[in-house]
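Student: Questions regarding the structure given below will be posed in turn.
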Amino acid sequence: MLKFLILDVYPSDNWRLVKDTAGGYGTGNNFGNSFLSKLMNFFVSKSIAMPPMSALYVYSIIKGKNCIIEYTKKILPQEELKNFDYIILPSSIIAHETEIETLNFLNRLGLKVFVIGIFGNIKKNIYNLDNSYVVKGEPEKFFLENKLEKKNLDNFFSNQNLGLFENRGEFVEILDDLPYPSWDIYLKKYPLRNNFLSFNKKSAIPILASRGCPYSCFNYCTYPLQQGRKVRYRSVKNIINEIIHWKNKVNTNKFVFRDPVFSINRKFTVELCNEIIKKKLNIEFLIETHLNNLDDELIKLLKDAGLKIVYIGVESVEEKVLKDINRFSIKNDAQFKIINKLSAEGIIVKSMYMIGNPEDTEETIKNTISYSKLLPNQLVQFSIFTPYPGTPIFKKFENIITTSKFENFNQYNLVFKHNYLNEKQINYFKNYAYRKFYLHYKNLGIVFKTLKSFFI
């Protein structure tokens, strides 16, 4: 019986590192150096922790093929590592240097390593060593389609440079073919934290209803690299069954939908919500979506189904800034209307902004920060514009990248020579933005509520 080990390594930073965010590239939340920012670093690192979902899907697939598989975040002693036939290494940009160091170590031991994840695909030449094989596209497809027999799997390593044995397509077309990711196994070893406010009592299980995003922000966004631009859906029945499964298996009614744009298909969203209500599942869930895909009727239905928190990307209040990065948005008055409706229904709104966009100036950033305080949102996230390798926009920045370390591409560092602002100014505005928002009198309540949740 073949033995597999998923070795999911991370650098030893003191803030949150999550490989599953930013379209599989990962995010390292570092809110800044002010007292408030350091406090946020601490609480977020304690409240949010998720492994890459693809790794947990792969775990379930391999286990279902009668193989032995384990998951760890720590490098095991050499004698233990040699007990495994194959190592699976999830790739990311926020742990890249650490992953390559680990990969070289495993290579010296003569261990065969399957590298999974979109960044491994983008930087295949770096991850592809003598004893490593970079799995093309969604790794779930590779492990679903291939026989997990030693002779067959070893062929991938011996013939990797010949272009043989590539899986026939990059994406899983029928998502219902996937088993449920092994969150129960993960929870036996590690905390699964998604503890924002109402999610502070039990683990909130990540779940996917769909994959893919067709929007124009693919110019800078990495989700289409990971999942493609064609939206693929699970059946409503399959999703409902998974929700029921986790309610019974790990005793939770909290869920985080990890879809890039949850409500992009209104008919599908209505059907799913109605089924949740009909089955009386009594769940609470978080989604990320675009304001363009919400209306009063749908918001009410989402609320009735259990929606507690919604993430929306505002990015900037300046039209010229958004146009430069090919980001589409809705008018400010429409934003106010929809967010007001969400707040009126008791739904927590987290608005996400990017500062340091190529056309940002001190004035445009200050305008965006001021705008964030006017919106009826309760939570905000200010990240720094990051031109990711592999995205169309990266070609524009390739010659002005200022760091050779990929782990700096974490949405909280300036990684290119900006037209108008330097690194010191960008970092100042990162601190300033959080201070101006969370220490504003109308938002102090959310600060105290969040702090309270950690001590009760």
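The values are calculated or read from the model by the stated rules, or taken from the named source; none is laboratory data. Keep in mind the model is a prediction, meaning the values are calculated, not measured. Backbone-built Cβ (ideal geometry, glycine too); neighbour counts: all protein chains shown.
Student: Can we say Phe328 is assigned by TED's automatic domain parsing to the domain that holds Lys396 and more than 23 Å from the chain's Cα centre (by Cα)?
Tutor: no
Student: On to the next question. Can you say whether Ile400 is exposed (fewer than 14 other Cβ atoms within 10 Å of the Cβ) and outside the structural domain of Phe35 (by TED's automatic domain parsing), as far as the supplied structure shows? Outline the logic, then answer.
Tutor: Values: exposed (fewer than 14 other Cβ atoms within 10 Å of the Cβ): yes; outside the structural domain of Phe35 (by TED's automatic domain parsing): yes.
Judged against the criteria, Ile400 is a match.
Student: Residue check, Ile312 against (1) modelled with pLDDT under 95; (2) more than 30 Å from Tyr420 (Cβ to Cβ), all met but one. Which one?
Tutor: The failed condition is (2).
Student: Right, another one. For the stretch 7-45, what are the residues that are among the small types (Gly, Ala, Ser), assigned to a loop (DSSP other than H, G, I, E, B) and either in contact (Cβ under 8 Å) with a residue 60 or more places away in the chain or not assigned by TED's automatic domain parsing to the domain that holds Ile118 (or both)?
Tutor: Within the stretch 7-45, Gly26, Gly32, Ser34 qualify.
Student: Kindly provide the set of residues from the stretch 404-429 that are of a type in the set (S, T, N, Q) and under 20 Å from Ser92 (Cα atoms), ordered by number.
Tutor: Answer for the stretch 404-429, where residues must be of a type in the set (S, T, N, Q) and under 20 Å from Ser92 (Cα atoms): Ser404, Asn408, Asn410, Gln411, Asn413.
Student: What strands (runs of 3 or more DSSP E) completely inside the stretch 48-140 contain at least 3 residues that are buried (at least 20 other Cβ atoms within 10 Å of the Cβ), of a type outside the set (Val, Ile, Thr) and outside the structural domain of Thr222 (by TED's automatic domain parsing)?
Tutor: Passing ranges, in order: 86-90.
Student: Taking into account only those residues within the stretch 343-367 that are in a helix (DSSP H, G or I) and modelled with pLDDT of 95 or more, which is surrounded by the fewest Cβ atoms within 10 Å (Cβ to Cβ)?
Tutor: Here the residue is Glu363.
Student: Output yes when any residue across the stretch 250-267 is among the small types (Gly, Ala, Ser) and in contact (Cβ under 8 Å) with a residue 60 or more places away in the chain, and no when none is. Lay out the reasoning, then the answer.
Tutor: Step one: list which residues in the stretch 250-267 are among the small types (Gly, Ala, Ser), which gives 263.
Subset that is in contact (Cβ under 8 Å) with a residue 60 or more places away in the chain: none.
No: the stretch 250-267 contains no residue that is among the small types (Gly, Ala, Ser) and in contact (Cβ under 8 Å) with a residue 60 or more places away in the chain.
Student: Scan the stretch 231-264 for residues that are among the polar types (S, T, N, Q) and in contact with a strand residue (DSSP E or B) (Cβ under 7 Å, 6 or more places away or on another chain) and jot them down.
Tutor: Correct list: Thr252, Asn253, Ser263.
Student: Quick one: is Ile330 at pLDDT below 95, surrounded by fewer than 17 Cβ atoms within 10 Å (Cβ to Cβ), among the hydrophobic types (A, V, I, L, M, F, W, C) and out of contact with any Asp or Glu (no Cβ under 9 Å at 6 or more places or on another chain)?
Tutor: Judged against the criteria, Ile330 is a match.
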